[in-house]
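S.K.: Dumping the structure here so I can ask a few things about it.
The values are calculated or read from the model by the stated rules, or taken from the named source; none is laboratory data. The shown structure was predicted, so the numbers you read here are calculated from the model rather than taken from an experiment. Glycine also receives a Cβ, built like all others from the backbone with ideal geometry; neighbour counts cover every protein chain displayed. Protein only, heavy atoms only, side chains kept; ligands, DNA and RNA dropped before computing areas. Shrake-Rupley method; radii C 1.70, N 1.55, O 1.52, S 1.80 Å.
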Amino acid sequence: PAVPATLSGCYATTSTVALSGLNGITINGNDATVTLGSLGPKTIQRPVLSLKGDTDDTISGLKVASVYGGAEGGAAYEGDAGVLLEGDSDLALSISVANVQGDCADLYPTTAHTTLNTNITWTGSSFVNCGYHGLVPEAVFGVTFSTNKFNTIAVDLIDAENDKYSTGFNGKQPTFAAIDGFTFINNVVSHWGYDFYASLQPQLPGIQEQ
């Protein structure tokens, strides 16, 4: 059975809050904020919140933030993200992100690049003041962002570049390195730096993207 948890207030952390392998969990953030209280180093993956291999979970009303004020952001700090998803499935999320050096939200495969994030819905959230990209859906199959607000994204609003791997299949079903069934609808967006949707895929044979 699902195990509910209710948060309240503000929480300070000095490292990533990691939720890994959770199944059937419901977390009511109750407008609580989790703040990573220091700027991150370059080229290190250090999101505020990490979700890895989680299944059939609901997280609502949660805010995550860091202390990015406009300096020390960009490509070298991409890993200093708000939320990182790796190989998750069947999640209903309402998690807001503010003041991070890197991407607002990354949807990546696991380290071995053999997984997708599947059947994810992310609604009713705000993504504000992110030092690199808004969303990075590198490994997704059936992911929807709707009724969210995006404001002050330094570079691309959506960076769909996998950059390296081509899509793998089991029959006609994508199994890794796909951007398949990605839906972005009924969101309010303003003030992003470059492209609304960037997808430059140099690898061959390429990515299944739709």
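S.K.: Are any of the residues in segment 67-85 surrounded by fewer than 21 Cβ atoms within 10 Å (Cβ to Cβ) and either hydroxyl-bearing (S, T, Y) or within 17 Å of V143 (Cβ to Cβ) (or both)?
M.R.: Within segment 67-85, not a single residue is surrounded by fewer than 21 Cβ atoms within 10 Å (Cβ to Cβ) and either hydroxyl-bearing (S, T, Y) or within 17 Å of V143 (Cβ to Cβ) (or both).
S.K.: So for segment 40-47 (the condition being on the phi < 0 side of the Ramachandran plot, in contact with a helix residue (DSSP H, G or I) (Cβ under 8 Å, 6 or more places away or on another chain), open to solvent by less than 30 Å² (accessible area, probe 1.4 Å) and in contact (Cβ under 8 Å) with a residue 40 or more places away in the chain), does at least one residue qualify?
M.R.: yes
S.K.: Let me ask something else about it. Looking only at residues in segment 130-155 that are assigned to a loop (DSSP other than H, G, I, E, B) and open to solvent by 10 Å² or more (accessible area, probe 1.4 Å), which one is nearest to N186 (Cα to Cα)?
M.R.: So the residue we want is T147.
S.K.: Could you figure out which of (1) more than 15 Å from the chain's Cα centre (by Cα); (2) within 17 Å of P137 (Cβ to Cβ) isn't true of K52?
M.R.: All conditions are met except number (1).
S.K.: How do the strands (runs of 3 or more DSSP E) wholly within segment 7-93 filter down when requiring 1 or more residues that are farther than 16 Å from W122 by Cβ: which remain?
M.R.: 10-13, 17-20, 25-36, 49-52, 55-65
S.K.: Y108 - would you say it is open to solvent by less than 40 Å² (accessible area, probe 1.4 Å), closer than 25 Å to P202 by Cβ, at pLDDT below 95 and in contact with a strand residue (DSSP E or B) (Cβ under 6 Å, 6 or more places away or on another chain)?
M.R.: Judged against the criteria, Y108 is a match.
S.K.: On to the next question. Name the single residue that is farthest from N99 (Cα to Cα) among those in segment 156-182 being open to solvent by 30 Å² or more (accessible area, probe 1.4 Å) and either part of a loop (DSSP other than H, G, I, E, B) or among the hydroxyl-bearing types (S, T, Y) (or both).
M.R.: Applying the filter and picking the extreme gives G171.
S.K.: Please work out which residue is nearest to the chain's Cα centre (by Cα), limiting yourself to segment 183-198 and to residues that are aromatic (F, W, Y) and assigned to a strand (DSSP E or B).
M.R.: F184
S.K.: A follow-up question, please. Would you point out the residue of segment 115-129, among those that are assigned to a strand (DSSP E or B) and of a type outside the set (A, V, I, L, M, F, W, C), that is least open to solvent (accessible area, probe 1.4 Å)?
M.R.: The residue in question is N117.
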